[in-house]
Amino acid sequence: MIHTSYQGIPGMLRPFKEYLEQKALPSGAEVVFCGVPGTCTPFVELLCYAARSLSCTFIFVPFLDETKSRKMVFTDGIGYQPGELCPVTNPSVIIMMGGLAMPGMTVTLDQVEALFNAHPDCAKVGICFMNMFEKAGWLERFSFDILINAIITVDVLTI
């Protein structure tokens, strides 16, 4: 296991893109993000934008409901946004977003494991903030091929 530290938003985005580049995915390969609508979606948009030079098909799956999956569509001058319904057919990479592990979410570890088992040949990526997968016990159950864990520090200046 190699542990490397980075800073800021680029520190989350660059390792993600580098990981996908190292996979040498074929054109059109499905890169599937599972996350909480609204809270994970902006990060999925950023991650897709970071990897925009790759010829992948990016798909967002709300929670783990593949019947509601949407293709992430690039719009010039805007970036990536969820578009029309797009079935997950043969994912090369499945990314679990940490919002799924937050307290009060309805996603269970059994459901996550079932999704991974349904796609045994795909790479498994975890992207979270503040050690959420560790806190929720996910890392005791299964491992990710790469885990990107960002720590947020907030400074507020009131005048």
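A few remarks follow.
- For Thr57, residues with placed amide H under 5 Å, excluding near neighbours: Gly28, Ala29, Glu30, Val31
- Highest-fluctuation residue, Phe58, Phe43, Phe129 considered, GNM on the chain with Cα pairs under 10 Å: Phe129
- Inter-part distance, region 18-60 to region 75-111, computed on C-alpha centroids, equals 9 Å.
- Thr75, Thr57 arranged by Cβ crowding within 10 Å, fewest neighbours leading: Thr75, Thr57
- All lysines inside 19 Å of Lys17 as judged from Cα atoms, apart from same-chain residues fewer than 8 positions distant: Lys71, Lys124
- Among Leu109, Leu13, the order by Cβ neighbours within 10 angstrom, fewest to most, reads Leu109, Leu13.
- Near Arg141: Cβ cut-off under 10 Å, other residues only, Lys/Arg at +1 and Asp/Glu at -1. The net charge is -3.
- Per residue, the chain reaches -7500 deg cm²/dmol at 222 nm when only DSSP H runs of four or more residues are counted, each adding -39500 (n - 2.57).
- Highest mobility in the GNM of the chain, judged by mean-square fluctuation with C-alpha springs under 10 Å and restricted to Asp76, Asp110, Asp121, is found for Asp76.
- Structure remark: mean-square fluctuation, Gaussian network model of the chain, C-alpha springs under 10 Å; the largest value among Gly11, Gly104, Gly35 belongs to Gly104.
The numbers here are math on the coordinates, done by the rules we state, and not lab data. Computed from a predicted structure; not experimentally measured. When we count neighbours, we look across all protein chains shown, and the Cβ atoms used for this are built from the backbone with ideal geometry, even at glycine.
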